[in-house]
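Laboratory data are not the source of any read-out in this text; all were calculated from the coordinates shown. Keep in mind that what you see is a predicted model, and the values were worked out from it rather than measured. Don't worry about glycine lacking a Cβ; one is built from the backbone with ideal geometry, like all the others, and counts go over all protein chains shown.
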Amino acid sequence: MSEEIKIIAPSYNRSNGVLTHKILPQTIYAVHEFEASEYEAKGYEILVIPDSEKGNIARVRNWVKRYYEEMGGRFVILDDDIKQFLYWAEEKQNKLSGDQLTEHIESMFDVAEQWGVCMFGVNPATDKGSYREYTPFCTTSYISGSFNGFLNSPYFFDETIPLKEDYDMTIQTCNGSRMALRFNQYSMNKDDHGNVGGCAKYRTTSREKEQFDMLQKKWGSKIVRRDGESSKQDYDINPIIKIPIKGV
């Protein structure tokens, strides 16, 4: 990978459970001061974040984003528990090796630069039903915080809604730049249901509901919707966003 492209994975309280470096050995784990020695002892490359930024993934991502923007160049912020990257081609889902993934990330940056976008991501779902060959890209659809590539993005994660910060970042980017590029043929498998630490420390049903309501109040109920609004459910962990601008 080009030296100017950095791969950074924020990690919290799971030095024994990180996985992303196994598929991307160049991964830099962004960790807080209080546990930096634990990650270093395992041989991981780390970026040390002040303990004052602890407890809010949106704040952490913003700190990392500012740090690498000051350095210049291209960078990706992704999750620390990625087990596998996948790629659809000729109606088949293929596993990507580390070297292949490195090349594909470089290509994604090149395409994003040609399109003039400041943020890109990958498909949040791995099943075939979520990928259509005739729609290899989306420009107004949700991009998960599990994988964000940045090219001089002027936008930052909303630190008041750290459980919905990626939904907000997608809407922010589309609202300000009229496009956020999602590569639909790429997806990933993660261990986010079996791993400890990270956002699991503060993710509860009541907080999910509270932050859904905050996101909806910020952008309106026509843009931020529940999955199946006719139901009587009183919260939704994964909202549906409908961005009212031209695109796919």
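Assorted remarks:
- In summary, the convex hull built on the alpha carbon positions of segment 5-196 has an orientation-averaged projected area of 10.5 nm².
- Using the Cβ-Cβ distance between LYS242 and LYS218 with R0 set to 22 Å, the FRET efficiency from 1/(1 + (r/R0)^6) comes to roughly 0.90.
- Rounded to 5, the percent of DSSP beta bridges in the chain classed as antiparallel: 55 percent
- Other-chain or far-sequence residues with amide H under 5 Å of ASN238's (modelled H): none
- Mean separation of Cα contacts under 8 Å, 6 or more apart, over the residue count of the chain: relative contact order %: 21 percent
- Annotation: amide H of GLY145 within the under-5 Å range of ASP166, sequence separation 5 or more or interchain, hydrogens built in the peptide plane.
- Rg over Rh, two decimals, segment 16-127 (C-alpha only, Kirkwood Rh): 0.98
- Note on segment 5-196: with charges restricted to the Cβ of Lys and Arg (+1) and Asp and Glu (-1), its dipole about the Cα centre is near 360 debye.
- With semi-axes defined as the square roots of five times the eigenvalues of the C-alpha gyration tensor, the equivalent ellipsoid of segment 131-179 measures 21, 13, 10 Å, largest first.
- Computed helical MRE - 222 nm, the chain, DSSP H runs ≥ 4 contributing -39500 (n - 2.57), nearest 500: -9000 deg cm²/dmol
- Candidate aspartates and glutamates - alpha carbon under 20 Å from LYS92, same-chain residues fewer than 8 apart omitted: GLU103, ASP127, GLU133
- Under a 5 Å amide H cut-off, with hydrogens placed 1.01 Å from N, MET188 pairs with LEU86 among residues at least 5 apart or on other chains.
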